[in-house]
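What follows is one structure encoded as structure tokens, with my remarks underneath.
The values are calculated or read from the model by the stated rules, or taken from the named source; none is laboratory data. It should be emphasised that the depicted structure is a prediction, and the values quoted were computed from it without experimental measurement. Note that each Cβ is placed from the backbone with ideal geometry, even for glycine, and that neighbours are counted across all protein chains shown.
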Amino acid sequence: MMLTDDATSIDGAENMARRQSLSTREDLRASIAARLAGNHGSGWVSLPGEVQVEYLADADALIDQGMTPYWVDPNLGDTVSPALEAEVFEFDRSMEWFMSYLNTRHPHWRDTAVYPSSHIEQADPEEWDAWVTIAVSVSESARILWSRRFAAQTGEPVAQARSPLPPVPSSAPPAAQTVARDRTAAAIGAVLAHRHGRRWMDLPSDLRTAYLSDAECLMQAGLASW
């Protein structure tokens, strides 16, 4: 079960069409790394090499998780590596926890067979935080493989496609107009936090704000998709 229409991505199928290979991967990772460093008050050329390596690893994590304009469909091939199998196993355990989490918060959702949320814009913030926390802990390939196996075992896709939401009226409160962007910022922050060995949903508020600042600077520069 997923909080978005696309069971294989963090930020939803509605954003897939926006992803285009506008840059080479190397150009994009360098731009992301420099932008993150700048958001932390550091000039790229003045950073020691070992620090630049860390920022480039942050950029790689965002690219690999599909959070940037650079997009290459994962090719799983015919043979699944032991490392990927291990990821799928861990993600399956995480999904068991996540379903238990949703069942606790929405004890009657199975009566209607409608998931608690099917659009990023409708996801409860706490549930979205829980989802991105587990989603970023594995690779895109692992989520795809898990989804395929789930569908094969149950005979149904992980998340049914939902019709698009109507446009938000211009008179709606600001939060209603920026909710998709805000949820995507959380996903970007979760990727970076995981890269640094932290769980998004467990972060104290000041650290979460700092990661959201990083996400916002990347989105404003067009280096992250939303």
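Observations
- Index of the failed condition, LEU56 passing every other in (1) at pLDDT 95 or above; (2) farther than 24 Å from ASP214 by Cβ; (3) of a type outside the set (Gly, Ala, Ser): (2)
Residues are listed down the side, and each one gets a yes or a no for (1) assigned to a helix (DSSP H, G or I); (2) of a type in the set (S, T, N, Q); (3) modelled with pLDDT of 95 or more:
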| site | (1), (2), (3) |
| --- | --- |
| PRO164 | no, no, no |
| SER171 | no, yes, no |
| HIS194 | yes, no, yes |
| ARG198 | no, no, yes |
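- Residue in segment 177-190 that is in contact with an Asp or Glu (Cβ under 6 Å, 6 or more places away or on another chain), crowded, with 21+ Cβ neighbours inside 10 Å and not in a helix (DSSP H, G or I) present: no
- Candidates in segment 50-77 are the residues that are closer than 15 Å to LEU192 by Cα and of a type in the set (Gly, Ala, Ser); of these, the one that is surrounded by the fewest Cβ atoms within 10 Å (Cβ to Cβ) is ALA57.
- Segment 121-162: number of residues that are modelled with pLDDT under 85, closer than 23 Å to THR104 by Cα and of a type in the set (A, V, I, L, M): 3
- Residue within segment 26-35 that is at pLDDT 90 or above and surrounded by fewer than 17 Cβ atoms within 10 Å (Cβ to Cβ) present: yes
- Test result for SER213, over 21 Å from HIS40 (Cβ atoms) and either at pLDDT below 90 or in contact with a helix residue (DSSP H, G or I) (Cβ under 9 Å, 6 or more places away or on another chain) (or both): no
- As a summary of the residue check, VAL80 satisfies the conditions (1) more than 18 Å from the chain's Cα centre (by Cα); (2) surrounded by 15 or more Cβ atoms within 10 Å (Cβ to Cβ) except for the one numbered (2).
- Among (1) at positive phi; (2) without any contact (Cβ under 8 Å) to a residue 24 or more places away in the chain - the single one ASP124 does not satisfy: (1)
- Among the residues of segment 68-102, the ones that are part of a helix (DSSP H, G or I) and either touching a Lys or Arg at 6+ places or on another chain (Cβ under 8 Å) or modelled with pLDDT under 85 (or both) come to 2 in all.
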